Amino acid sequence: MTVFTPPMQQVFPIDEVLGRLAEAMPRYAQPLIDQMGAAGAAPFRILVATILSLRTKDTLTAVVAPRLFAEAATPATMLALGDQRVAELIYPVGFYRTKARSLIQICLLLLEQHGGAVPADLETLLRLPGVGRKTANLVLTAGFGLPGICVDTHVHRICNRWAYVQTRAPDATELALRAKLPTQHWLTINGLLVTLGQNICHPTSPKCSLCPVAAHCARLGVTRSR
């Protein structure tokens with residue numbers, strides 16, 4: 001009797017794929033928070049801008065964040081403004097009133113518990129109001145240059161589309177990547193895949209003909225492409 005042995009699954013060449021993206025993606029506009037991190041922005045500004053950017057396009061956040069920082073660039077000065085004034089300054093970002101309240105609460109906690117400094121620790125960041133894993137990891141990577149894996153909708157979608165991970169939610173993708181992604185890519189994967197996702201690997205009808213790593217993509221879930 002012949003026993004069927006399924007073929008071995010080919011190992012996804014993550015080093016080659018991310019290397020190609022590192023060469024190709026700089027021609028496109030980079031994510032705002034990555035730009036701020038590269039320019040040496042203070043962790044507090046990274047934290048605030050990341051919160052503002054949630055469910056808001058970078059083009060709007062890039063206008064609103066400097067307007068807010070012009071009046072308040074530290075926890076003390078932002079706390080002094082109060083949530084009503086902060087809401088006025090950050091309008092029309094998504095959920096601007098909720099974000100204004102969160103920012104004021106964050107500033108209060110930073111002053112009371114951390115000497116006005118943003119903590120460089122994932123679990124401590126997660127205890128701040130309105131800060132989820134995506135925000136906390138991005139503050140660590142862009143604000144402090146520390147290891148972290150920031151998983152947003154683009155990273156989650158593309159890693160599953162490649163079949164590099166098989167997960168149902170971004171938090172699960174982060175944990176899967178922490179287990180298998182080589183540490184040298186932790187700081188860069190978010191910026192590369194956000195840029196790829198915004199410009200080529202769209203949720204629907206991705207531009208596969210323009211993708212520099214199309215040859216390695218399993219195209220899971222792709223029913224229509226260009």
Considering only the range 92-129, state which residues are under 20 Å from the mean Cα position of the chain (by Cα) and of a type in the set (Gly, Ala, Ser). GLY94, SER102, ALA120
So, in the range 178-225, how many residues would count as being more than 21 Å from ILE33 (Cα to Cα), assigned to a helix (DSSP H, G or I) and within 20 Å of the chain's Cα centre (by Cα)? 3
I'd like the full set of residues that are surrounded by 15 or more Cβ atoms within 10 Å (Cβ to Cβ) and of a type in the set (Gly, Ala, Ser), limited to the range 173-203. ALA176, GLY191, GLY197
For the range 7-66, enumerate the residues that are small (Gly, Ala, Ser), free of Cβ contacts under 8 Å to residues at least 60 places away in the same chain and either surrounded by 12 or more Cβ atoms within 10 Å (Cβ to Cβ) or closer than 18 Å to VAL131 by Cβ (or both). GLY19, ALA49, SER53, ALA62, ALA65
Boolean, TYR164 is more than 25 Å from ARG45 (Cα to Cα) and either among the acidic types (Asp, Glu) or over 16 Å from the mean Cα position of the chain (by Cα) (or both): yes
Checked ALA80, ALA49, ALA65 against criteria (farther than 22 Å from ALA136 by Cβ and either within 17 Å of the chain's Cα centre (by Cα) or in a helix (DSSP H, G or I) (or both)); the one match is ALA80
Please verify whether THR56 is polar (S, T, N, Q), on the phi < 0 side of the Ramachandran plot and assigned to a loop (DSSP other than H, G, I, E, B), treating the condition exactly as stated. yes
Evaluate the range 204-222: report whether one residue or more is modelled with pLDDT of 95 or more, crowded, with 18+ Cβ neighbours inside 10 Å, in contact with a Lys or Arg (Cβ under 8 Å, 6 or more places away or on another chain) and within 18 Å of ARG27 (Cβ to Cβ). yes
From LEU52, LEU128, LEU60, LEU111, residue being touching a Pro at 6+ places or on another chain (Cβ under 6 Å) and at pLDDT 95 or above: LEU111
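Yes/no per residue for (1) under 20 Å from GLY145 (Cβ atoms); (2) charged (D, E, K, R); (3) touching a Lys or Arg at 6+ places or on another chain (Cβ under 6 Å):
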{"site": "MET36", "(1), (2), (3)": "yes, no, no"}
{"site": "PHE44", "(1), (2), (3)": "yes, no, no"}
{"site": "ALA49", "(1), (2), (3)": "yes, no, no"}
{"site": "ASP58", "(1), (2), (3)": "no, yes, no"}
{"site": "ALA72", "(1), (2), (3)": "no, no, no"}
{"site": "PRO75", "(1), (2), (3)": "no, no, no"}
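The values are calculated or read from the model by the stated rules, or taken from the named source; none is laboratory data. Nothing here was measured: the structure is a model prediction, and the numbers come from that model. Counting neighbours? That spans all protein chains shown, and the Cβs are built from the backbone with ideal geometry, glycine included.
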